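Beneath this line is the structure, given in structure tokens, with notes to follow.
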Amino acid sequence: MSKQSGRASLPAQVAEQFTVGARVVRYVWGHPANRGHQTRALLRAARYQAQARLLRRRAVARLGERSRLWVHPHRTAAAMVMYANPPDLPEMLVWRRALGKGGFFVDVGANVGTYAIWAAELGAEVIAIEPAADTFGLLEENIALNGYPVSAVQAAAGDHCGWARFTSGLDAGNSLSCDGPAVTRLVTVDSLIGSRAVTGMKVDVEGFEIDVLRGAARALAERRIGLIQIEWNQMSTLAVGSGRQPIAALLEEYGYRLYRPDMTGRLLPLGDQGFGADVFASPGLEGFAS
């Protein structure tokens, strides 16, 4: 690259950083978890941005009432915890209602452990499943940071046990890929939980959620999974070539109904099965009273 082209790229870099900064400000200011203390949340985000961009150092974010999470530069999923506590307010309030002492939570696609740590703070025993080697290392760091009873499994969850190729270096965007550079162990939910009853399970695997549910067929048939959170965006069209209706049909076969939370974490029947925010599935909400 010539000196001239290097100088020409500088304004573009500055403009890009300004755009990212503006997005962060809008996100932090408008996030419902920051309502009533937006200014304090913005200052916290600004300190993190300065530390990450200028010093390239990681920071610690507070999660829940007493938990912490390491936040590394360029790790978007972890940064969301720095910007709002909790980052997924309606969904995480559902788990606050559902989990308690003696609960059992399975986090499929745990990333750095935001949901796993949240569930553990609420008193649940947790199994956290994450296939990407670099992300799995950060997950283990966050488990150690808090000292909760979380069992970390380095694997991808699917519809059979074996081995599979996986992408690498994409943070929360890693997924199964036939030409991926990494190889990961493939497990089923049924093989992990055996005959145990699961209070709750979160499934966020970049569009391959239906494979995870097929690998939980025995537990679903016996209705041993009380509540399931499922990503419901358009990634399934890229991953498996379909919308979310096949998941809805599969769950309906096992007697599970679909819900979406309001801003207080109360589950309401799902009216539209089109793409949108995460959906919850349950064979009955008696155990998850408002």
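The values are calculated or read from the model by the stated rules, or taken from the named source; none is laboratory data. Model, not experiment: these values are computed from the prediction. Every residue, glycine among them, receives a Cβ derived from its backbone with ideal geometry; neighbour counts consider all protein chains shown.
Take the range 61-78 and flag every residue that is part of a loop (DSSP other than H, G, I, E, B) and either within 19 Å of Arg96 (Cα to Cα) or more than 14 Å from the chain's Cα centre (by Cα) (or both). Show your work before the answer.
Here is the first cut: in the range 61-78, the ones part of a loop (DSSP other than H, G, I, E, B) are 64-66, 72-75.
Result: Gly64, Glu65, Arg66, His72, Pro73, His74.
Within the range 206-238, which residues are in contact with a Gly (Cβ under 8 Å, 6 or more places away or on another chain), part of a helix (DSSP H, G or I) and farther than 16 Å from Ala157 by Cβ?
Scanning the range 206-238 gives Thr237, Leu238.
Out of curiosity, is Arg68 over 20 Å from Gly265 (Cβ atoms) and buried (at least 20 other Cβ atoms within 10 Å of the Cβ)?
no
Across the range 167-192, what is the total count of residues that are modelled with pLDDT under 85, within 15 Å of Asp204 (Cα to Cα) and either of a type in the set (A, V, I, L, M) or not in a helix (DSSP H, G or I) (or both)?
Of the residues in the range 167-192, 5 are modelled with pLDDT under 85, within 15 Å of Asp204 (Cα to Cα) and either of a type in the set (A, V, I, L, M) or not in a helix (DSSP H, G or I) (or both).
Picking from Tyr48, Tyr115, which residue would you name as being among the hydroxyl-bearing types (Ser, Thr, Tyr), under 22 Å from Thr167 (Cβ atoms) and part of a helix (DSSP H, G or I)?
Answer to the selection: Tyr115.
Those residues that are under 21 Å from Thr264 (Cβ atoms), crowded, with 23+ Cβ neighbours inside 10 Å and without any contact (Cβ under 8 Å) to a residue 60 or more places away in the chain, I need them from the range 88-121; list them, please.
Across the range 88-121, the qualifying residues are Thr114, Trp118.
Residues Ala98, Ala84: which one is within 16 Å of Ala41 (Cα to Cα) and not basic (Lys, Arg)?
None of the others qualify; the one that does is Ala84.
Among the residues of the range 243-255, write down those that are small (Gly, Ala, Ser) and either within 21 Å of Ala155 (Cβ to Cβ) or touching a residue at least 24 places away in the same chain (Cβ under 8 Å) (or both).
Once the filter is applied, which keeps residues that are small (Gly, Ala, Ser) and either within 21 Å of Ala155 (Cβ to Cβ) or touching a residue at least 24 places away in the same chain (Cβ under 8 Å) (or both), the range 243-255 yields Gly243, Ala248, Gly255.
Looking at the range 51-60, which of the residues that are among the charged types (D, E, K, R) and in a loop (DSSP other than H, G, I, E, B) is surrounded by the most Cβ atoms within 10 Å (Cβ to Cβ)? Working first, answer last.
At the first step, the residues of the range 51-60 found to be among the charged types (D, E, K, R) are 53, 56-58.
Narrowing further to those that are in a loop (DSSP other than H, G, I, E, B): 56-58.
Numbers: Arg56: 10, Arg57: 11, Arg58: 17.
Applying the filter and picking the extreme gives Arg58.
Given the residues Asp278, Asp262, Asp179, Asp272, which is the only one that is under 24 Å from Pro32 (Cβ atoms) and over 19 Å from the mean Cα position of the chain (by Cα)?
When all the criteria are applied, what remains is Asp272.
For the range 53-63, indicate whether the set of residues that are over 23 Å from Glu141 (Cα atoms) and either modelled with pLDDT under 90 or not assigned by TED's automatic domain parsing to the domain that holds Asp262 (or both) is non-empty.
Yes, that holds for at least one residue.
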